[in-house]
Amino acid sequence: DIEVAVWYPTQDKAKQESIGPVILDVARDARPLASSQGLILISHGFSGNFLGHNDTAQFLARLGYVVATPTHPDLQGLKSGKPEFDPLVIRPRHIQLIIDELLNHPSLKTNFRQTRVGIIGFSLGTYTALTAIGAKPDLSGLAAYCAVNIKDTLLCSPQANRRFSAIAPNLISQRDNRIGGAVLLAPAYGPLFSEKSLADIDISIQLFSAEKDLELDHRYNVQHFEKFLPNTTPVEVIKDAGHFVFMAPCSGGLKQAVPLICEDSEPINRKVVHQKLNGDIAKFFDEVLK
């Protein structure tokens, strides 16, 4: 089972609701509007959940989009020891299943006059998005990358080597032709994609990066994708920002519980950043999902 939150436009009155660690102004189980701008999926970073980008989901829903935010069971997949449930294998399958479900959902299917689907990915979610739009992971360059970046435990440790050996046969193309545009926030896992493996992507892509991202090396990630992905607009760089600036602004309780994903450097006001970020994302999808 995959937990998925669906955010959609409605005329029903919103009220404050506590959902997990956040309080949102939403109308739960409200009646959807008869039509929508299209469907957008948001894929979170490693071990995140459906609330990680809730402000972006709400913003897009208020503009008329139906937005789906799954909780990918990343840790469960890794702990299973089964290659077919590894996040790098199963996440794009989640995307296909969710699109299937929502485009045929009895409460929503009349909203979609035509299939207009977009996807947003953050960090590991950018891997999800790329594989869902036709990129096939290519592990042939890992040895050369790890020779230079031996301290990258995520991709180059002995455990990582065993993991990649186990899942390699399962890393097949999982392209979903219904997706017509993608937004990649803090693109990651660049070393798993070669120029060849990205060459067949033929939809519009918008890249965003954080200038002071300490989790990722831009040379092997956003700059790599900018160089080899076709149909990309210039990268939007958020000055002075760190990796987690793309996640929704945190409540006070969440800041205390998980400061790593909530605290920004002194010049950054995440709410202000997201006002522009969400507007830019909406503008992108308005233009490419026509």
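Just to be sure, is ALA144 assigned to a helix (DSSP H, G or I), aliphatic (A, V, I, L, M) and surrounded by fewer than 24 Cβ atoms within 10 Å (Cβ to Cβ)? It is true that ALA144 is assigned to a helix (DSSP H, G or I), aliphatic (A, V, I, L, M) and surrounded by fewer than 24 Cβ atoms within 10 Å (Cβ to Cβ). Checked against (1) in contact with a strand residue (DSSP E or B) (Cβ under 8 Å, 6 or more places away or on another chain); (2) without any contact (Cβ under 8 Å) to a residue 60 or more places away in the chain; (3) farther than 30 Å from LEU155 by Cα; (4) open to solvent by 10 Å² or more (accessible area, probe 1.4 Å), ASP12 passes all but a single condition, namely (1). GLU17 fulfils the conditions (1) open to solvent by 70 Å² or more (accessible area, probe 1.4 Å); (2) assigned to a strand (DSSP E or B); (3) not hydrophobic (A, V, I, L, M, F, W, C) except for a single criterion, (1).
Inspect all residues belonging to the stretch 63-76 and state whether any of them is touching a Pro at 6+ places or on another chain (Cβ under 8 Å) and charged (D, E, K, R). There is at least one residue in the stretch 63-76 that is touching a Pro at 6+ places or on another chain (Cβ under 8 Å) and charged (D, E, K, R). Do we have PHE193 as surrounded by 19 or more Cβ atoms within 10 Å (Cβ to Cβ) and touching a helix residue (DSSP H, G or I) at 6+ places or on another chain (Cβ under 9 Å) here? For PHE193, the condition - surrounded by 19 or more Cβ atoms within 10 Å (Cβ to Cβ) and touching a helix residue (DSSP H, G or I) at 6+ places or on another chain (Cβ under 9 Å) - is met. Only one of the numbered conditions (1) assigned to a helix (DSSP H, G or I); (2) open to solvent by less than 40 Å² (accessible area, probe 1.4 Å); (3) polar (S, T, N, Q) is not met by SER209, and that is (1). When the stretch 20-50 is filtered for residues that are without any contact (Cβ under 8 Å) to a residue 60 or more places away in the chain, outside any loop (DSSP other than H, G, I, E, B) and under 19 Å from the mean Cα position of the chain (by Cα), nothing remains. Of the residues making up the stretch 238-290, those that are part of a helix (DSSP H, G or I) and either of a type outside the set (Gly, Ala, Ser) or open to solvent by 70 Å² or more (accessible area, probe 1.4 Å) (or both) number 29.
The values are calculated or read from the model by the stated rules, or taken from the named source; none is laboratory data. These numbers were taken from a predicted model, which means no experiment stands behind them. Positions of Cβ are generated from backbone atoms using ideal geometry, with glycine treated the same way; all protein chains shown enter the neighbour counts. Surface accessibility is based on the protein's heavy atoms, side chains included, excluding ligands, DNA and RNA. Shrake-Rupley method; radii C 1.70, N 1.55, O 1.52, S 1.80 Å.
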